[in-house]
Amino acid sequence: MGNFGQLMDGFAVALTAHHVMIMAVGVLLGLVVGVLPGLGAPNGVSLLLPLTFTMDPISAIILLTSMYWGALFGGSTTSILFNIPGEPSSVATTFDGYPLARQGQAVRALTLAFTSAGIGALTGVIVITLLSSWVANFAMRFGAAEYFAVYFMAFASFIGMAGGSPFKTLVSMMLGFAAATVGIDTISGESRLTFEIDELIGGISFLIAVIGLFGLGELLLTMEEGLKFEGVKAKLDMRTILRTVAEVPRYWVTLVRSALIGCWMGITPGGPTAASFMSYALGRRFSRRGRNFGKGEPEGIVAPETADHSAGSCALLPMLALGIPGSATAAVMMGGLMIWGLSPGPMLFSTRPDFVWGLIASMYMGNLIAVVLVLATVPLFAYILRAPFTVVGPMITIVCVIGAYTVANHVFDIWLALAFGIVGYVFKKLDYPLAPFVLAMVLGDKAEDAFRQAMLTSDGSPAIFFSNALVSTMMGLGILLLCLPLITVLFKGGLFGRPAAGDAEAHGRSA
Amino acid sequence: MDISRNTMEIATACATALVGGIVCYGASLNGISWNESGPQPGYFPFYIGALIIFGSAATILQTVLRRASTSDVFIDGERLRTIVAFFLPIVVMVAISAWLGLYIGMALYTFYAMRMAAGFRTATSLLTAAIVVAVNFVIFEKIFMVPLLKGPILEYFGIY
């Protein structure tokens, strides 16, 4: 159990007063981000990232991941009390959370959500603890061709497993790749796709894209819907909270099933949103109380929440061990790691064990702190949300504009963010998934480098991608995933059939 | 003035196809073939652009084939006005910020949003604008030491 010793070292790093304080601050900021519609986890982390450039990487990543936990938890508060998901990944929580709250059991609904979320997150972190160094060791054997195969698999799984139109996923992803190629080419030093516009030579930062697509785009959507918060009042009392916590083990079947779904969807880049929808759907189909789903059934809260959080934490495993993020937020964090001068991937485990294990240890603590803080701040956020959106909206706008500027101190970036905002709005309304765009933007250069290096070693023969068992298995799986939509269509009959509504939503709003 | 979903689908797909075309053209400037040192810089982007065009074309085809079954509205006139009324002031704010600095931009925007859009009293709106500027100034200039764009007016008063 070498991992255990390293985890203890990690705790020694994470449990300093300074870092615990950073966790609390991060969780609180995350709660704000999670509670406010229009400010999501990917966007929140992007906004905070430029402010961490001066911090040391360990403190910075603890701050950002804590914010991520806070955002995941905060999203459920609004889902349950206001029937408005603060995060795309907590959409499924509204289905049963809000009805239960309407029946006068708001505290029970909230406690159920947070406890199962905590259990989900814990499962995810345990999976990371057990598997990450094993995966990293495995990945040490990877050459350029293997890396490209892994990237290929990640992107193929987006196209193959997404519920909506695979073509829209393809377009969104390729636009991300195109955006990533703008600027100086790392291998040849030539400037590409800049069309002699000076501002583009430095490239387009993925942070700008995230702020525009997720931040301003979501704001426009929220504004259009003319949001009115009609909330359920919640008075917290200790007795109900404790009784509900004691009730949770009764749902162990749902918990285990949802945690497994979450871990799987988090490690493969399905992301928390898809995980929560899938878990809810499977819960409705397999639970004995399935027909109560949608009417305020506790299992209907437990299922999506557990999956959401285990996926959220598991999304960090491939990011750390392989350098491939499992969700949009993880992609942003990985971009951050690269900016801090760390290169995510197997080498990180041997070069910076203090960083990796400090981060993993902080995940245990961060989630614990998040559960406590989220319960403690429910009344506060319920109060904030009574402010009309005509006030909250402009405030979020200002945060986004400043955030876009602070990325590189360029005014041009703010204009770009506005443009991305319009793109994000239109794409979301038309069910184009945005997560592949961000993923492609962060991974674009690395995937291209891996491809070009592999081709250089093989003198331009694509046979290198099938040169040994490992790489051909991965490429084969990738191709299979790519063909998945085609296979489903053949089975269901009828080309261009409409996808199921739930799938399309999960897919369109993937976080 | 309603815009149907189908119209928007096709317009968006045409726009993405156009972007794909631009990407292909831009890549061709860097050379898209192979030379003795491997793929030229434009090789990878060229196929990215081609895939964008392919995906867009498939989306257009999908929309056309489905046309009869869907008559959804993408946005109606009223909602469009709401969006424009929200978005235009942001554009104005960015334009002002680029010229006079972010602090002046955000002050004017906050005042506008409070007074005109949310309908608060003038005094309340002024106070809110002042608070927003003060809070941001403390957070960015003092706590995180990240200077925001000041512009000529603040510099005239000696604030850098």
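With axes computed from alpha carbons, what is the tilt in degrees of helix A:238-247 against the longest principal axis of chain A, rounded to the nearest 10 within 0 to 90?
60 degrees
Given H placed on each backbone N at 1.01 Å, which residues far from A:SER191 in sequence or on other chains put an amide H within less than 5 Å of it?
A:ASP185
Cα extents of chain A along the three principal axes, largest first, in whole Å?
The Cα atoms of chain A stretch 69, 58, 48 Å along the principal axes, largest first.
Averaged over A:178-191, how many beta carbons belonging to a partner chain fall within 10 Å of each residue's beta carbon? Don't skip to the end; give the middle numbers.
Details: counts 12, 3, 2, 10, 3, 0, 1, 6, 1, 5, 8, 1, 6, 3.
Counting other chains' Cβ atoms within 10 Å and averaging over A:178-191 gives 4.
Sorted by packing (mean other beta-carbon atoms within 10 Å per residue), highest first, where do B:142-150, A:328-336 land? If you can, show how the numbers build up before the last one.
Numbers: B:142-150: 14.6, A:328-336: 29.4.
The packing order, highest mean first, is A:328-336, B:142-150.
Taking Rh as the Kirkwood radius computed over C-alpha pairs, what is the Stokes-Einstein D of region B:77-156 at 37 °C in a medium of viscosity 0.692 mPa s, expressed in µm² per second? Let's see the in-between values first.
Details: Rh = 13.5 Å.
After rounding, the answer is 243 µm²/s.
Through the Karplus equation 6.51 cos²θ - 1.76 cosθ + 1.60, θ set to phi - 60°, convert the phi angles of region A:47-57 into ³J(HN,Hα) values in whole Hz; use x for Gly and Pro.
Each residue of region A:47-57 in turn: 5, 7, 3, x, 6, 9, 4, 8, 7, 6, x Hz.
What value in Å³ per residue do you get for the convex hull of the alpha-carbon atoms in region B:3-75? Please list the in-between numbers first.
Values: hull volume 4.9 nm³, N = 73.
Once divided by residue count, the hull of region B:3-75 is 67 Å³.
Can you tell me the FRET efficiency between A:ARG386 and B:ALA130 if r is taken as the Cβ-Cβ distance and R0 is 22 Å, rounded to the nearest 0.05?
Numbers: r = 23 Å, r/R0 = 1.05.
Computed FRET efficiency for A:ARG386 and B:ALA130: 0.40.
For A:ILE119, A:ILE301, give me the order by solvent-accessible area with a 1.4 Å probe, most accessible first, ignoring ligands, DNA and RNA.
On the way: A:ILE119 65, A:ILE301 0 Å².
The ranking, largest first, comes out as A:ILE119, A:ILE301.
Given a 1.4 Å probe and every protein chain left where it sits, what share in percent of the accessible area of region B:77-156 is carbon and sulfur?
Working: 3220 of 4370 Å².
Heavy-atom surface of region B:77-156 belonging to carbon and sulfur, 1.4 Å probe: 74 percent.
For the protein assembly as shown, report the accessible area per residue in Å² (1.4 Å probe, heavy atoms, rounded to an integer). It would help to have the intermediate numbers written out before the result.
Numbers: 26710 Å² over 671 residues.
So the protein assembly as shown comes to 40 Å² accessible per residue, rounded to a whole number.
With 21 Å as the cut-off, how large is the P(r) tail for chain B, expressed as percent of Cα-Cα pairs? Numbers along the way, then the final one.
Numbers: 8687 of 12720 pairs.
Distances greater than 21 Å cover 68 percent of the Cα pairs.
Taking only pairs that are 8 or more places apart or on different chains, how many Lys pairs in the protein assembly as shown have Cα atoms under 20 angstrom apart?
Values: A:LYS168/A:LYS428; A:LYS168/A:LYS429; A:LYS228/A:LYS429; A:LYS233/A:LYS295; B:LYS142/B:LYS150.
Qualifying lysine pairs in the protein assembly as shown: 5.
Taking only DSSP H segments of four or more residues, each worth -39500 (n - 2.57), what value at 222 nm results for chain B once the sum is divided by all its residues, to the nearest 500 deg cm²/dmol? Provide the component values of the computation, followed by the final result.
Details: 6 runs with 107 residues, N = 160.
Value at 222 nm, helices only: -22500 deg cm²/dmol.
So for chain A, taking the charge dipole from beta-carbon charges (+1 Lys/Arg, -1 Asp/Glu), which of A:THR16, A:ALA274, A:ALA361 sits furthest toward the positive end?
Most positive-ward Cα: A:ALA274.
If you roll a 1.4 angstrom probe over the protein chains with everything in place, what fraction of the accessible area of chain A belongs to carbon and sulfur, to the nearest %?
Working: 12060 of 18100 Å².
Carbon and sulfur: 67 percent of the exposed surface of chain A.
How large is the Kirkwood hydrodynamic radius of region A:307-356, in angstrom, based on all distinct alpha carbon pairs? Could you put the intermediate results ahead of the total?
Numbers: mean 1/r = 0.0926 Å⁻¹.
Hydrodynamic radius (Kirkwood, Cα pairs) of region A:307-356 is 10.8 Å.
Could you point to the residue in B:VAL73, B:ILE96, B:LEU127 farthest towards the positive end of region B:24-160's charge dipole, with +1 and -1 charges on the Cβ of Lys/Arg and Asp/Glu respectively?
Comparing the listed Cα positions along the dipole, B:LEU127 ranks first.
Once phi is turned into θ = phi - 60°, what whole-Hz ³J(HN,Hα) does the Karplus curve with 6.51, -1.76 and 1.60 give for every residue of region A:305-321, x standing for Gly and Pro?
Whole-Hz 3J(HN,Hα) from phi for region A:305-321: 5, 4, 5, 3, 7, 5, 5, x, 7, 5, 4, 7, 5, x, 5, 6, 7.
If packing is taken as the average number of other Cβ atoms within 10 Å across a peptide's residues, how do B:91-103, A:41-53, A:350-362 rank, most packed first? Each step should come with its number before you reach the end.
Working: B:91-103: 19.2, A:41-53: 25.6, A:350-362: 21.0.
Ranking the peptides B:91-103, A:41-53, A:350-362 by packing returns A:41-53, A:350-362, B:91-103.
Could you give the size of the charge dipole of region A:128-237 about its Cα centre, using +1 on the Cβ of each K and R and -1 on the Cβ of each D and E, expressed in debye and rounded to the nearest 20?
Details: 6 positive and 11 negative charges, 103 e Å.
So the magnitude is around 500 debye.
So, with +1 on the Cβ of K and R and -1 on the Cβ of D and E, and no other charges, what is the size of the charge dipole of the protein assembly as shown about its Cα centre, to the nearest 20 debye? The partial results should precede the final answer.
Values: 36 positive and 37 negative charges, 451 e Å.
Charge dipole, the protein assembly as shown, about its Cα centre: 2160 debye, nearest 20.
Taking GluC sites (Glu not before Pro) that fall in a DSSP loop and have at most 11 other Cβ atoms within 10 Å as cut points, what is the longest piece of chain A between them? Walk me through the numbers on the way to the answer.
Working: sites that count: A:GLU196, A:GLU230.
Here the longest run is A:231-511.
Treating the beta-carbon of each Lys and Arg as +1 and of each Asp and Glu as -1, no other charges, what is the dipole magnitude of region A:45-191 about its Cα centre, to the nearest 20 debye?
That gives a dipole near 460 debye.
Mind checking which of A:ALA435, A:CYS314, A:ALA404 is farthest towards the positive end of chain A's charge dipole, using Cβ charges of +1 (Lys, Arg) and -1 (Asp, Glu) about the Cα centre?
A:CYS314
The values are calculated or read from the model by the stated rules, or taken from the named source; none is laboratory data. If you're wondering where the values come from, they're calculated on a predicted model, not measured in any experiment. Using ideal geometry, Cβ is built from the backbone for each residue, glycine included, and neighbour counts are taken over all protein chains shown. Accessible surface is based on the protein model in full, side chains and every heavy atom, while ligands, DNA and RNA are left aside. Shrake-Rupley method; radii C 1.70, N 1.55, O 1.52, S 1.80 Å.
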